[in-house]
């Protein structure tokens, strides 16, 4: 069995967030191989997703999803810490599921609530405060009602707050945390764009029934 250096233990600890003794044991069990040791720790559930939040995730995948019929398309970037995990089938499946989630959520515009610009929030608050249904209520009551409405609206715009389409008992943020625990690395949805066929194009309005009637009258 090879000698396990303190440097190797520290490197594995930095990579996984697992305890020092757990890292040393993992390295011993896997003859000093860092990647195998990290996998061993994941299988033993010795990695806490909470310890991974401050890690830098600069690897990962950019993936695309085209919905049936080619009318909706999604590009999404999901990051992890290493190329090793980026090539993992579980990570690839996660990225694909997130792309499909975005396709299914036409109201979503941001990854998380914190990404929503402050000026947008202030504008929405101003609109809500001026609504007629609140005009007769005391200001402190209006503030509470508006705050509740704004929080609901911001969650509707945020991908991470959406119920996961394949399991409504958890949201996308919880799905990502589960993946972090399984993969042993920080996983982060960085950005996305959703395309809808014809979106933003002013279409010529026509009445098909009138057109047919007019053509029949000419004959």
Query raised in the report: Can you pull the Rg over Rh of the stretch 81-156, Cα-only, Kirkwood?
Result: 1.22
Query raised in the report: Sorted by average packing, counted as other Cβ atoms within 10 angstrom per residue and highest first, what order do 105-116, 120-131 take?
Result: 105-116, 120-131
Report task. Taking all pairs of distinct Cα atoms, average 1/r, flip it, and tell me the Kirkwood hydrodynamic radius of the chain in Å to one decimal place. Result -> 21.1 Å
Report task. For the chain, find the longest principal axis of its Cα atoms and tell me its angle to the long axis of helix 139-157, 0 to 90°, nearest 10. Result -> 70 degrees
Query - For the stretch 117-156: rounded, prolate or oblate by the Cα gyration tensor [a/c cutoff 1.5] - result: prolate
Report task. Assign one of three labels to the stretch 1-47, namely rounded, prolate or oblate, based on the Cα gyration tensor with a ≥ b ≥ c the square roots of its eigenvalues; rounded applies when a/c is under 1.5, prolate when it is not and a/b is larger than b/c, and oblate otherwise. Result -> oblate
Query raised in the report: How much length is gained on full extension from residue 36 to residue 100, taking 0.36 nm per residue of separation minus their Cα-Cα distance?
Result: 19.9 nm
Report summary line: Using alpha carbon centers only, the stretch 150-170 is separated from the stretch 58-79 by a whole-angstrom value of 19 Å
Requested in this report: With everything on Cα atoms, drop me the angle between helix 89-103 and the longest principal axis of the chain, reported from 0 to 90° to the nearest 10.
Outcome: 20 degrees
Query raised in the report: Using 0.36 nm per residue, how much length does the chain from residue 203 to residue 83 gain when fully extended, once their Cα-Cα distance is taken away?
Result: 38.7 nm
**Report entry** Ellipticity estimate at 222 nm from DSSP helix runs (n ≥ 4, -39,500 (n - 2.57)) divided over the chain, nearest 500
**Finding:** -14500 deg cm²/dmol
Query raised in the report: Taking the highest mean first, how do the peptides 37-44, 165-172, 90-97 order by number of other beta carbon atoms within 10 angstrom per residue?
Result: 37-44, 90-97, 165-172
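Values quoted throughout were computed directly from the atomic coordinates according to the rules given, and no laboratory measurement underlies them. In this text, all values refer to a predicted model and were calculated from it rather than measured experimentally. Note that we place each Cβ from the backbone using ideal geometry, even for glycine, and neighbour counts take in every protein chain shown.
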